[in-house]
Every structure is written in structure tokens, then in C-alpha cells.
Amino acid sequence: MNKFESRYAQSPKEVKQMDTATLRDNFLIENVFEANQVNLTLSHFDRYIVGGAMPVDQKIDLPNPDDLKANFFLERRELGMINVGGKAIVTADGERFELEYKEALYIGKGTQSVSFESADQNQPAKLYLNSAPAHHSYPTKKVSKTEAEIVELGSPETANHRIINKLLVNSVLPTCQLQMGMTELKSGSVWNTMPAHTHDRRMEAYFYFEVPEGQSVCHFMGQPQETRHIWMQNDEAVISPNWSIHSGAGTSNYTFIWGMAGENLDYGDMDHCKITELK
């Protein structure tokens, strides 16, 4: 049975008062993947949806939750996904796409039916989903890592040496407001998005994976001078408000997927925070 949850937006004033359990209840998404289900969480920050589809031994359809008040899920939305499991088969209005590990797919507004299946039930696909409201219909398109815009940042000396794969961004393909990509940390590096930043024009969500067994990631959020942390495990996601930093440090290296939506598509639109001024 598919799951749908709605999370209301929170202000910095409210977040300052939250204990650990309340913070996790509002921002952490633990059960992204469950066998033969599509799990979706709607954040009222920019009406962004984070979810996961994990077909094992059957084809599963993208649901249309009653809360959206739409005739079908993508009536007024766009959808992006990155496969973090075995080979996936995604069918969008009859068009078939095969996604290997770490390949992405964008599906435009107006697509009426979307289904997911695994090529091999012994190696089930795990499709990490992000969706945002859309005003225009753009073509459905698959994007592989070889087609991504790739940026190398950081250094081993500051433990933040990483490769940023910009997959579903406007320099690679047209979208309304959705942007998605994947950052891979090099061995020996543990910090992501450090120095930290905020961007009041866009919210963001992170999904952590390739976290080795027995290891964890400490995700930092909150205003730069009023930070909070959430300990996260493999295959978990976290919502980042527009006013919040979004950074993390792991007990080993790992990979994470970032997704954004909001007022603009300018990837470089960031308000940077000096490391020495974080509190």
C-alpha cells in the first residue's frame, strides 16, 4: 500500500524551540523505500514532494494522492528521479526508459501515467523521486552521468573533496523549477556543502545513500547562527527550508542526491556563510 504524508512549513522561530524528536518529525524522511510501494512526502516549502518507488516482483504505478486535488499526479507537476538500486524500467505514457544505477529521468507536466518495474527482482530498482509544481510542459528525457555537467570541488586537506554531478538542471535540459543532482565524496572526505550556504529563493532536499554499514551522516540545518543537527542513516532524506543551511559530515565518505525548487533556476544563487561564523 502506497504512503503519502504532508509536512507543514516551519519558521526559524519555531525550529529554535524543537527538541531532537520534534526536529526529526518535521524534517527527516526515514522510510523512503518499501518493497512494491511508492512512498511520498509533501513539504509545504515550495510544495515540494520527496519520495521513493521500489518495485520488486511487480510493476507499480505512480499514485495520485487525494491531497493534490488533481486528475493525475503530473497534471500540474513535473517529476525527476535518480535510480539508486538495480536496473529500473520506467514507462511514461507508453514510452519506455531503462535506468541503470545513478541514471536520472525527467518527466514533464501533463504525463498521465507513470509506472516502475525492476529488470531483476533479485536486484530491485530504487527510484528516488522529487516533484515540484510546474507551469509548462517540457519533454521527458533520460540523463546519464556521462551527460551530466560535472564539477570537482574541495580538497583532501579540508575533508570535502567531492564530485558534483548536475543531472536535471537547466544547463542540461529544460525544467520549470525542479533541479536535481548527485554529489559523490572521495575516500577520506566527509564534509558536504562546506562552506555552507542558504538560498532564500529555493528550498532543498537531501537524500543520503552509499553510507557504509555501521556508519552515519550528521546533517546540519538551521540559520547560520542557530544551527541544529539530525543524525541520518543510509537511504534517508531530509527537508531543508529556504532559510536553512544544508550541510553534513559523515563517519565515512558517502553519496547524496540534492533536489531544489523555488523562484529561480540559478544554481549559483547562494548566500554563503563563513565557516568561522557558524554557531
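Overview of values
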{"read-out": "Percent accessible area from carbon and sulfur atoms, segment 1-82, protein chains only, probe 1.4 Å", "value": "43 percent"}
{"read-out": "Bins of 5 Å, starting at 0 and running to the largest distance - Cα pair percent for segment 157-215", "value": "4, 13, 21, 24, 20, 11, 5, 2"}
{"read-out": "Packing-based ranking, highest mean first, of 100-113, 75-88 given that Cβ atoms within 10 Å are counted", "value": "75-88, 100-113"}
{"read-out": "Distant-in-sequence amide H partners of VAL143 (H built 1.01 Å from N, under 5 Å)", "value": "ALA104, LEU105, TYR106"}
{"read-out": "For segment 155-205 versus segment 47-71, the gap between their alpha-carbon centres in whole angstrom", "value": "26 Å"}
{"read-out": "ILE89 accessible area, assembled protein chains, probe 1.4 Å, Å²", "value": "10 Å²"}
{"read-out": "Per-residue ³J(HN,Hα) for segment 256-265, Karplus 6.51 cos²θ - 1.76 cosθ + 1.60, θ = phi - 60°, Hz, x for Gly and Pro", "value": "9, 9, 10, x, 9, 7, x, 7, 9, 10"}
{"read-out": "Spherically averaged projected area of the chain from its Cα convex hull (nm²)", "value": "13.8 nm²"}
{"read-out": "Karplus-derived HN-Hα couplings along segment 35-46 (A = 6.51, B = -1.76, C = 1.60, θ = phi - 60°), whole Hz, x at Gly and Pro", "value": "4, 6, 9, 10, 9, 10, 10, 8, 9, 6, 6, 6"}
{"read-out": "Scattering profile of segment 32-143 at q = 0.22, 0.23 Å⁻¹ [log10 I(q)/I(0), Debye over alpha-carbon scatterers]", "value": "-1.23, -1.34"}
{"read-out": "Residues whose placed amide H lies under 5 Å from that of ILE29, excluding near-sequence neighbours", "value": "ALA237, VAL238, ILE239"}
{"read-out": "Probe 1.4 Å, all protein chains present, accessible-area order of THR255, THR91, THR276, largest first", "value": "THR276, THR91, THR255"}
{"read-out": "Segment 208-279: GluC sites (Glu not before Pro) falling in loop per DSSP and having at most 14 other Cβ within 10 Å", "value": "GLU213, GLU263"}
{"read-out": "In sequence order, calculated HN-Hα J values of segment 64-69 (Karplus, 6.51, -1.76, 1.60; Hz; x Gly/Pro)", "value": "10, x, 4, 4, 7, 6"}
{"read-out": "Share of carbon and sulfur in the accessible heavy-atom surface of segment 127-173 [1.4 Å probe, %]", "value": "53 percent"}
{"read-out": "Whole-number accessible area per residue in Å² for the chain, which is evaluated in the context of all protein chains at 1.4 Å", "value": "43 Å²"}
{"read-out": "Ordering of 25-31, 175-181 by packing [mean C-beta count within 10 Å, highest first]", "value": "175-181, 25-31"}
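The values are calculated or read from the model by the stated rules, or taken from the named source; none is laboratory data. Computed from a prediction, not measured in an experiment: that's the story for all the values here. Cβ coordinates were reconstructed from backbone atoms using ideal geometry, including for glycine residues, and neighbour counts include every protein chain displayed. Note: accessible area is taken over every heavy atom of the protein model, side chains too, but ligands, DNA and RNA are not part of it. Shrake-Rupley method; radii C 1.70, N 1.55, O 1.52, S 1.80 Å.
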